[in-house]
Amino acid sequence: MDGAVRKEQICDAAKRLFAARGYHATSVRDIAAQLDLQGGSLYSHIDAKEDLLWALVDRAADSFISRAAAVAARFPDPTERLQALVRAHVEYMASDLDNAVVFHHEWRFLAPARRLAIAHRRHEYEDYFRQAIHEGVSRDVFLPQDERFATLLVMSLVNWFYQWYRPDGPLPADAIAGRFNELILRALGAPAPIGKGKSI
């Protein structure tokens with residue numbers, strides 16, 4: 001089997017186990033068992049279990065940031081941009097709930113240098129939301145307020161989504177994103193949602 005394909009299979013198995021059990025409660029042997037491999041044979045594809053955690057968290061950071069950058073390039077209006085950021089965030093998490101769990105919960109178990117790198121990337125991502133709110137306030141679209149706290153409110157709302165969302169639930173992810181946007185814009189003092197905050 002091609003090495004890249006096997007590596008992807010190993011990452012997928014690790015993702016499911018890290019999401020269900022947690023990073024520390026999952027052994028290399030557990031990951032190997034998912035693929036009917038001997039534990040030691042995984043080390044021909046990876047150097048350490050943490051490399052799998054890093055690959056998953058880094059992949060999620062790449063996806064969040066690339067989506068946010070595309071939204072920022074497409075929507076100059078801060079209200080539309082904020083709605084699109086919320087929608088893109090929810091859509092990505094709904095598309096891969098296991099990776100969302102790993103990204104939000106397990107990243108703290110990375111070694112210090114990698115943990116710091118991800119903390120910087122999380123801050124970079126949140127800046128897209130922060131900038132949209134800042135521009136909305138500057139243009140009198142949103143009411144004057146503590147912009148850092150407003151960003152915290154938005155991020156707390158959208159980041160918690162994966163905890164309770166179920167694909168077979170009563171509302172699809174795009175409808176949930178729409179309701180999030182209604183609440184967020186009301187909280188920021190915008191008169192009403194503009195459009196649907198088109199996804200990218």
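Numbers for the structure displayed
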item	result
Degrees separating the helix 78-95 axis from the principal Cα axis of the chain, which is the longest one	20 degrees
Leading residue at positive end of dipole, the chain (Cβ point charges), from ILE176, VAL71, TYR125	ILE176
Net charge, ALA14 excluded, C-beta distance under 11 Å - Lys, Arg +1, Asp, Glu -1	-2
Whole-Å distance, taken between Cα centres, linking segment 26-83 and segment 100-137	14 Å
Cα-Cα separations in segment 1-47 greater than 15 Å, expressed as whole percent	37 percent
Neighbour-count ranking [beta-carbon atoms within 10 angstrom, fewest first] of THR26, THR151, THR79	THR151, THR26, THR79
Dipole magnitude of the chain, debye to nearest 20 (Cβ charges: Lys/Arg +1, Asp/Glu -1, about Cα centre)	180 debye
Dipole magnitude of segment 1-96 about its Cα centre (Cβ charges: Lys, Arg +1; Asp, Glu -1), debye to nearest 20	160 debye
Value at 222 nm in deg cm²/dmol, rounded to 500, when DSSP H runs of n ≥ 4 in the chain each add -39,500 (n - 2.57)	-22000 deg cm²/dmol
Trypsin sites (Lys or Arg not before Pro) lying in DSSP loop within segment 48-153, provided at most 11 other Cβ fall within 10 Å	ARG139
Segment 90-200: C-alpha gyration tensor shape, a/c 1.5 cut-off, then a/b vs b/c	oblate
Two-decimal Rg to Rh for segment 1-120 - Kirkwood Rh, Cα set	1.05
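FYI, it's all coordinate maths here, none of it is from the lab. For clarity, every value in this text was computed on a predicted model and none was experimentally measured. Neighbour counts are summed over all protein chains in view; Cβ atoms, including those assigned to glycine, are modelled from backbone coordinates with ideal geometry.
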